[in-house]
Amino acid sequence: MSHFTNIKTKLKDKDFLIKALHTIGYTGTENVLLDNPSNHQHEQVQVEIGVTKYDTTLEVMRPMTAGFKINDDGVLTNTSGYLDVNKFLLSSKKYFDNLRRYKSENFDKTKLKIKKNYFSYKNEEFKYVIMCTGISEKKINLFKDIKLNGVSGNSIIVKSKIGNDSIINKGINILPIKKNVYHIGSTYYHNMKDEGPDELVSKTKNLIKEDISLIDSKFGIRSTSKDRRPIIGEHNKIKKLFIMNAMGSKGVSQAPYCSKKLFNYINEDKNIDKEINIDRYRS
């Protein structure tokens, strides 16, 4: 899938972009023709800068499959995508269901008993407990030394004849999910109220010329920290009780990284990065 991003600082200096790519381990080549993925509507695309990366394991240059088109409106990349969170969660549930390691129920803090070398919860015993409870941690309040903030937001599903198969990012994200149906998000309010779809509908109408009809509106609350970074680590008094929280609006991209860091801390005694470590709130 292509991804069109509008940026306020116009990116017109190709040499600067190529140098920036080199800094993070990529190679940029001007004016190349790229092959698109097999399921893309275009077999090939001409880009102003092609991007590739040197594979240190194989000691070869990987095929050039990513690129940029640059104009006064923004940047177009020809290889990008998104995670269908609903499908991912349903697949994950099915996987853990098959292993008999999944239960769906409301967490009852009063049922969690802290023993000398383990925890018990509703007649089951656990060596470790990891609280991944999002904004609900404010009510559960097992980690009293951190402060979580709620940031509410809405997204909408609309029907429109935009005729676009790229992800558009210009103040809002317009994501094609099927023919003439788009997911659009999202808003940010520093409260925990459902403000409704009006702001997104207005921004969408200002961005595209085609008529839109609202199919659905969704609402959620993001859990954030005061420094807008994840909070990962162990309870300061209760050993083997951990927290992973405050992912904000970047949970899909940050959760795998943070999970690995916490796993390595528990199983391999590796330090958690100070930028996301809960210890930064303890002095």
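The values are calculated or read from the model by the stated rules, or taken from the named source; none is laboratory data. Here the structure is a predicted model, which is why all the values come from computation and not from measurement. Reconstructed Cβ throughout: ideal geometry from the backbone, glycine too, with neighbour counts over all protein chains shown.
Values computed for the structure shown
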| quantity | calculated |
| --- | --- |
| Region 112-145, residues that are part of a loop (DSSP other than H, G, I, E, B), surrounded by 13 or more Cβ atoms within 10 Å (Cβ to Cβ) and not aromatic (Phe, Trp, Tyr) | Cys132, Thr133, Leu142 |
| Residue list for region 194-219, filter: of a type outside the set (A, V, I, L, M) and either in the same structural domain as Gly134 (by TED's automatic domain parsing) or touching a strand residue (DSSP E or B) at 6+ places or on another chain (Cβ under 6 Å) (or both) | Asp194, Glu195, Pro197, Lys203, Thr204, Glu210, Ser213, Asp216, Ser217, Lys218, Phe219 |
| Count of region 228-283 residues which are assigned to a loop (DSSP other than H, G, I, E, B), among the acidic types (Asp, Glu) and touching a residue at least 12 places away in the same chain (Cβ under 8 Å) | 2 |
| Count of region 142-173 residues which are touching a residue at least 24 places away in the same chain (Cβ under 8 Å) and under 30 Å from Thr110 (Cβ atoms) | 10 |
| Qualifying residue in region 240-255 (condition: at pLDDT 95 or above and among the β-branched types (Val, Ile, Thr)) | yes |
| Residue in region 146-162 that is farther than 30 Å from Arg100 by Cα, surrounded by 17 or more Cβ atoms within 10 Å (Cβ to Cβ) and modelled with pLDDT under 90 present | yes |
| Every residue from region 111-139 that is within 32 Å of the chain's Cα centre (by Cα) and among the β-branched types (Val, Ile, Thr) | Val129, Ile130, Thr133, Ile135 |
